[in-house]
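What follows is a structure written as structure tokens; I'll ask about it next.
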Amino acid sequence: MPEPGLTRREVLKAAAAAGMASAWLPRDVSAQGSLANLAPEEPVDKTLQRLFGGRPIRDGAPVINLELPLIAEDGGNVAMSVEVKSPMTPQSYVKTIYVLSDKNPRPLNGKFSLTPACGQAYVATSLRLADTGDVRAVAEMQDGALYMVKRTVRVVVAGCAA
């Protein structure tokens with residue numbers, strides 16, 4: 001509740017000024033999508049090596065549900081979702097979900113960080129796929145264990161050329 005004597009307009013001006021000031025504060029940014037951080041075009045096995053080193057990746061079929069269409073009419077907009085069966089407690093939760101496309105010039109499509117507060121290990125998004133090939137979902141657990149599933153998607157019209 002604003003203090004007596006302050007008008008609504010003054011409160012809104014102060015809030016706008018605070019918002020603008022916070023936009024100018026310097027921040028450490030390590031956005032994966034920035035040009036400086038993009039990996040060169042590489043095959044998916046090199047991307048997996050770069051992301052996970054030599055850690056073993058287990059079959060995720062019992063715990064990961066990857067939903068994708070069998071045929072994508074437009075590779076520029078392919079709906080997908082990933083759900084990982086996990087209790088999402090501080091003792092056992094999904095830390096990160098990675099989505100990779102084998103035929104894209106840069107295979108890593110998305111990296112989603114989760115916490116136990118999420119309540120459910122579920123993400124949904126749209127992908128851009130360059131060509132017919134496998135799409136992979138990798139779940140990294142809080143203890144470092146890795147699980148992966150993959151599905152083949154037939155792309156009718158390519159979604160990305162570079």
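What's the number of the only condition in (1) under 17 Å from the mean Cα position of the chain (by Cα); (2) surrounded by fewer than 17 Cβ atoms within 10 Å (Cβ to Cβ); (3) at pLDDT 95 or above that Thr152 fails to meet?
It fails just one condition, (1).
So which strands (runs of 3 or more DSSP E) stay within region 61-162 end to end and still have 1 or more residues that are farther than 19 Å from Leu48 by Cβ?
Per the criteria, 64-67, 71-74, 78-84, 121-127, 146-157.
Based on what the data block shows, is Ala79 out of contact with any strand residue (DSSP E or B) (no Cβ under 8 Å at 6 or more places or on another chain) and aliphatic (A, V, I, L, M)?
No: the conditions fail for Ala79.
Which of the residues belonging to region 92-117 are under 15 Å from Gln142 (Cα atoms) and without any contact (Cβ under 8 Å) to a residue 40 or more places away in the chain?
If the condition is that a residue be under 15 Å from Gln142 (Cα atoms) and without any contact (Cβ under 8 Å) to a residue 40 or more places away in the chain, then Phe112, Ser113, Leu114, Thr115, Pro116, Ala117 are the ones that fit.
Here's a follow-up. Please go through region 63-92 and give me each residue that is exposed (fewer than 12 other Cβ atoms within 10 Å of the Cβ) and of a type in the set (A, V, I, L, M), ordered by number.
Leu70, Ile71
In contact with a strand residue (DSSP E or B) (Cβ under 6 Å, 6 or more places away or on another chain) and polar (S, T, N, Q) - does that describe any residue in region 87-94?
no
To continue, here is another question. Which residues, taken from region 109-147, are in contact with a helix residue (DSSP H, G or I) (Cβ under 9 Å, 6 or more places away or on another chain) and either among the β-branched types (Val, Ile, Thr) or crowded, with 20+ Cβ neighbours inside 10 Å (or both)?
Selection gives Arg136, Val138, Glu140.
Quick grid of which residues meet (1) out of contact with any His (no Cβ under 7 Å at 6 or more places or on another chain); (2) among the hydroxyl-bearing types (Ser, Thr, Tyr); (3) modelled with pLDDT of 95 or more; (4) farther than 26 Å from Glu42 by Cα:
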position	(1), (2), (3), (4)
Asn65	yes, no, yes, yes
Leu68	yes, no, yes, no
Glu73	yes, no, no, no
Glu83	yes, no, yes, yes
Pro90	yes, no, no, yes
Asn109	yes, no, no, no
Ala117	yes, no, no, yes
Asp131	yes, no, no, no
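Here's another thing I want to ask about it. May I ask you to say which residue of Ser92, Ser113, Ser86 is of a type in the set (S, T, N, Q) and farther than 15 Å from Ala145 by Cβ?
Ser113
Still on this structure: Being out of contact with any Cys (no Cβ under 7 Å at 6 or more places or on another chain) and among the charged types (D, E, K, R) is the filter here; which residues of region 112-162 pass it?
Asp131, Asp134, Arg136, Glu140, Asp143, Lys150, Arg151, Arg154
The values are calculated or read from the model by the stated rules, or taken from the named source; none is laboratory data. Just so it is clear, the structure is predicted and the values come from calculations on it, not from any experiment. Backbone-built Cβ (ideal geometry, glycine too); neighbour counts: all protein chains shown.
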